[in-house]
Amino acid sequence: MTTDAGPTPGTTLTSGIHTDELDATVRPQDDLYRHVNGSWIRSTEIPDDKARYGSFTILAEAAEEAVRDIILRSQEADQGTEARKIGDVYASFMDETTLENVGSGPIDPLLGEIDSITDLGQVLTMAGRFERLGVSGFIQLFVDNDPGDPESYVVFLEQSGLGLPDESYYREERFADIRDKYREFVAAMFPLAGFTENAVRTEHVITLETALAAAHWDNVTTRDSQKTYNRMPWADAAALAPGVDLATWVAAIDAPAGAFDTVVVREPDFLTGLAEQLTSQPLDAWKDWLRWQVIRSSAAYLTSAFSATNFSFYGTALTGAPKQRDRWKRGVSLAQGALGEAIGRIYVQDHFDESSKAAMDDLVANLVEAYRQSISGLDWMTDETRERALDKLSKFTPKIGYPDVWRDYSKLQLRPDDLLGNVRAVASFEVDRELGKIGSPIDRDEWFMTPQTINAYYNPGFNEIVFPAAILQSPFFDATRDAAANYGAIGAVIGHEIGHGFDDQGSQYDGDGRLQDWWTEADRAAFEERTKALIAQYDALVPTETPDDHVNGALTIGENIGDLGGLAIAWKAYLISLDGQEPPVIDGLSGAERFFLSWAQAWQMAIRPEEASRLLSIDPHSPNEFRCNQIVRNIDEFYATFDVTEKDALWLDPAQRVTIW
C-alpha cells in the first residue's frame with residue numbers, strides 16, 4: 001500500500017509546520033524540542049485550572065466544548081432515552097443549590113453504617129460494598145481477558161487503599177512536604193462531615209495508609225507482566241491473607257455465581273500485608289479509614305466546601321494548578337465517565353470525517369509494512385524468533401475512529417436531582433457489566449477509550465491498536481497537509497502503539513494475546529541488552545522543571561521503546577509512501593525536515609513543576625522534552641537531516657545509539 005496520506009490531487013500542499021513559531025535562537029541540532037516549541041512555551045501561560053498545557057490539552061479542550069454541546073442538547077431529549085440520561089447526569093452535577101442544601105446528607109447514611117461496625121467481618125463487608133458505591137477500597141478489582149488463556153475472562157485483584165499517588169509518596173524524603181499537606185488535608189475534611197476528635201482520626205488514616213503502602217509493590221515491579229500474572233483458584237488467593245475471611249469481602253460485592261472461582265492476584269504480597277494490618281490494627285482505626293474513603297471518594301459530588309478542600313490537595317498541592325476547573329467542565333467529565341460511548345456515538349456523527357478513517361487505514365498499512373521489513377532485516381534476531389514476531393505482526397488488529405458495536409446503557413437508571421445516587425448507580429452498573437463478562441465469549445468489539453478521547457492505546461491481550469476519532473486532527477493528523485507531517489506525528493503515534501506489542505512487556509505476548517515466551521534465549525538477551533542501554537540513557541536525564549529529579553528509565557522503558565520504534569518505523573513508512581518519488585520542498589522545508597519538526601510539534605507542552613514531579617514518580621511516559629529529543633538522538637536520519645555533528649548538543653556517539661526495531 002503506498003499512499004501519500006496527504007491532500008487529494010489538485011489541492012494545495014501545506015507543510016503542517018507552524019513555521020512562525022520556530023525559535024531561531026535555538027538550533028534543532030542542539031534542542032529540537034525547543035527549536036520547535038520554545039517560543040510557544042515562553043509565550044504561553046498555563047491556564048489556572050490546568051497543571052499542564054499543550055497539544056493534547058488543546059485538542060481535549062475542543063472535544064470538551066463539543067461534548068458540552070451534545071450534553072446540553074441531550075437535556076431536551078425524551079425521558080428514559082439514552083440521550084436524556086446524558087442530560088440528567090449532567091443536570092444533577094450542575095444543580096449546586098440542591099447540593100448546598102443537603103450538605104453531607106448524601107453520605108450520612110453510609111457513615112452511620114460504619115459507626116455501627118463491631119468486628120472485622122463487618123469491615124470486610126463494608127469494603128466489599130464500596131465496589132458498588134464508587135468508593136475506594138483496599139483491593140481494586142477489574143476484569144480482562146486471561147493472559148494465559150486469552151479467549152476467556154478472569155477477575156484481577158490489585159493492590160489499593162492509598163490516598164496518595166503511589167507507595168513512594170509514603171517513604172521517599174522528597175515527598176515529605178506532600179505528606180505534611182496530605183495530613184492537613186485529611187484533618188480538614190473530617191470536620192466537613194461533622195466529625196470531632198479529628199487529630200486521632202487523621203492519625204489512624206495516615207498510619208494505616210503508610211502500613212498498606214509498605215506492602216505495595218513499586219511501580220516498576222507492577223509493570224512486569226510475568227510477576228503480576230498469578231492465576232489461582234479462589235481458595236489459594238484467600239490463603240494469602242491468613243486470619244482474614246476474604247470470602248466476606250467477595251460476598252458483599254454481590255458478584256455472579258462463580259465469578260471469583262479463579263482470579264489473578266497481581267501482587268500476592270499485598271494480600272498478605274493487608275491481612276497483617278486487618279488483624280493487628282485497632283477496629284477504630286479501620287473504621288476511621290472506611291470513613292475517610294467515603295469522604296474522599298464522595299467529596300467532588302458534595303458541597304462547594306468539600307469540593308474546594310478536595311481540590312486544594314489533589315489539584316493545587318499535587319499538581320500546582322491554582323484554580324479548580326469550571327463546574328461545567330467537571331460536569332462534562334462526569335457525564336463522559338458515566339455514558340462515554342453514548343456521547344461518543346453522537347460525537348462521531350457530528351465531528352468525525354469518515355475520509356480520515358480511510359486515510360488512517362492506509363497509514364496503518366504502511367506502518368505495518370515498515371515493521372515487517374524492519375523485523376525481516378534485523379541483524380540481532382534469529383530466524384526462529386523472527387518468524388514468530390512476523391506472525392504476531394500479521395495478527396495486529398487496528399481499530400480506528402469508533403466502535404463497530406456501541407455499549408448498551410439501557411439498564412443504567414439516572415435522575416436529574418440525585419448526584420451521588422447517580423455516581424453510585426454508574427459504579428454498580430460498571431461492576432455488573434464487568435463481572436458479567438465472566439464465562440462469556442471475549443468481546444473483541446469492545447473499546448477501552450471513547451471516540452472523543454485524545455489518546456491511543458495498544459492492548460496486548462487483544463493484540464490491537466486503537467485510535468479514537470478525536471486524535472485524528474492537527475497537530476497529529478490533517479488530511480490537507482503533506483504526508484511528511486502526518487507520518488512524523490500520527491504515523492509515529494501509530495508506530496508507537498504497534499511498538500508496544502514489541503516493548504519489554506508487550507513482547508512477552510504472542511499474536512493471539514497469550515502471555516508466553518516465544519523468544520529464543522539468545523534473542524531475548526540481545527533485546528534486553530538494547531533495552532538496558534535505553535534505560536541507562538533515560539536514567540541520566542533531568543527535566544528542566546525539576547532539576548533535582550531524574551527520569552526513571554526502568555519505569556518509562558516500555559513507552560521509550562514505543563517512541564523509539566514508533567519514530568524509526570514512521571520514517572520507513574514515510575519512505576514507503578513516497579514510492580521512490582522525491583518529496584516537494586514546502587515552506588522552505590524538505591520532507592525529512594517536516595517529518596522531524598512535526599514529531600517535535602506533537603509534543604508541545606508547558607508544565608508546572610509540581611505536576612512534572614508527580615509524573616516523574618507515577619507516569620510510565622518520559623517528560624515531553626525527552627520524548628522528543630532523546631529519541632531523535634538515536635535516529636540516524638535525524639543526524640543526516642540537520643547535519644548534526646560532534647559539536648552539537650544532541651549528538652550521540654554512533655556506538656551508543658540504540659536501535660531495537
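The values are calculated or read from the model by the stated rules, or taken from the named source; none is laboratory data. Note that the structure is a prediction, hence the values are computed from the model and not measured. Glycine gets a Cβ as well: all are built from the backbone with ideal geometry, and neighbour counts include every protein chain shown. Note: areas computed on protein heavy atoms with side chains; ligands, DNA, RNA excluded. Shrake-Rupley method; radii C 1.70, N 1.55, O 1.52, S 1.80 Å.
Note on the chain: with charges restricted to the Cβ of Lys and Arg (+1) and Asp and Glu (-1), its dipole about the Cα centre is near 840 debye.
Near GLY401, the amide H atoms lying under 5 Å from its own belong to PHE467, ALA469; only residues 5 or more places off or on other chains count, and H is placed 1.01 Å from N.
Relative contact order, whole percent, for the chain stands at 24, derived from Cα pairs under 8 Å and 6 or more residues apart.
Whole-Hz Karplus values for the stretch 605-613 come out as 6, 10, 9, 7, x, 4, 5, 4, 5 Hz, taken residue by residue from phi with 6.51 cos²θ - 1.76 cosθ + 1.60 and θ = phi - 60°; glycine and proline positions read x.
In sequence order, the stretch 511-520 has phi-based couplings of x, 9, x, 8, 6, 7, 7, 9, 9, 6 Hz under the Karplus curve 6.51 cos²θ - 1.76 cosθ + 1.60, θ = phi - 60°, and Gly or Pro positions carry x. Only one residue of LEU157, ALA300, THR222 has its Cα farthest out toward the positive end of the dipole of the chain, where Lys and Arg carry +1 and Asp and Glu -1 on Cβ, and that residue is ALA300.
Cα gyration tensor of the stretch 355-407, axes a ≥ b ≥ c as square roots of the eigenvalues: rounded (a/c below 1.5), prolate (a/b > b/c) or oblate? It is oblate, given that a/c is not under 1.5 and a/b is not larger than b/c.
By the rule of a C-alpha distance below 23 Å, with chain neighbours fewer than 8 residues away ignored, the lysines paired with LYS287 are LYS181. Placing R0 at 41 angstrom, the Cβ-Cβ distance between ALA239 and ASP180 gives a FRET efficiency of 0.60 after rounding to 0.05.
Distance between the modelled labels on SER590 and GLU172, one decimal in nanometres: 4.2 nm (7 Å Cα→Cβ projection). A straight line joining the Cα centroids of the stretch 524-557 and the stretch 426-496 runs 27 Å. Hey, any idea what % of the chain's accessible area is carbon plus sulfur with a 1.4 Å probe? After summing per-atom areas, the C and S share lands at 49 percent.
Amide hydrogen proximity for VAL155: with H placed 1.01 Å from N in the peptide plane, the residues at 5 or more positions away or on another chain lying under 5 Å are VAL264.
In terms of packing, defined here as the mean over residues of other Cβ atoms within 10 angstrom, the peptides 482-495, 92-105 line up highest first as 482-495, 92-105. Rg and Dmax over the alpha-carbon atoms of the stretch 530-661 stand at 15.6, 48 Å.
Rounded to the nearest whole Å², what accessible area per residue is found for the chain with the 1.4 Å probe? On a per-residue basis, 39 Å².
Kindly state, to the nearest 0.05, the FRET efficiency for ASP379 paired with ASP517, given R0 = 25 Å and r defined as their beta-carbon distance. E(calc), rounded to 0.05, equals 0.70.
When the Cα gyration tensor is reduced to axis lengths a ≥ b ≥ c, the ratio a/c is 1.5 or higher for the stretch 44-118, and with a/b not above b/c it is classed as oblate. Full extension of the chain between ILE58 and ASP643 yields a length gain of 207.3 nm, computed as 0.36 nm times the residue separation minus the alpha carbon distance.
Over the chain, dividing the summed -39,500 (n - 2.57) contributions of all DSSP H runs of at least 4 residues by the number of residues returns a 222 nm mean residue ellipticity of -16000 deg cm²/dmol.
Each Lys or Arg adds one and each Asp or Glu takes one away; over the other residues whose Cβ falls under 9 Å from the Cβ of LEU157, this sums to -1. For the pair SER394 and MET232, label points projected 7 Å from Cα toward Cβ lie 3.9 nm apart. Put a dot 7 Å past the Cα of THR98, heading toward its Cβ, do the same for ARG524, and the two dots end up 5.7 nm apart. In order along the stretch 104-121, the phi-based Karplus estimate (6.51 cos²θ - 1.76 cosθ + 1.60, θ = phi - 60°) of 3J(HN,Hα) comes to 8, x, x, 9, 4, x, 5, 5, x, 5, 5, 4, 8, 5, 10, 8, 5, x Hz; Gly and Pro are listed as x. Spread over its residues, the convex hull of the C-alpha atoms of the stretch 562-617 is 86 Å³ per residue.
Over the stretch 468-549, Cα pairs under 8 Å with separation of 6+ residues give a relative contact order of 12 percent. Taking Cα extents along the principal axes in Å as calculated from this structure, the corresponding entry among [x] 90, 87, 60; [y] 82, 63, 56; [z] 77, 56, 49 is [z]. Computed extension length for ALA540-SER333: 70.8 nm, one decimal, from 0.36 nm per residue of separation with the Cα-Cα distance subtracted.
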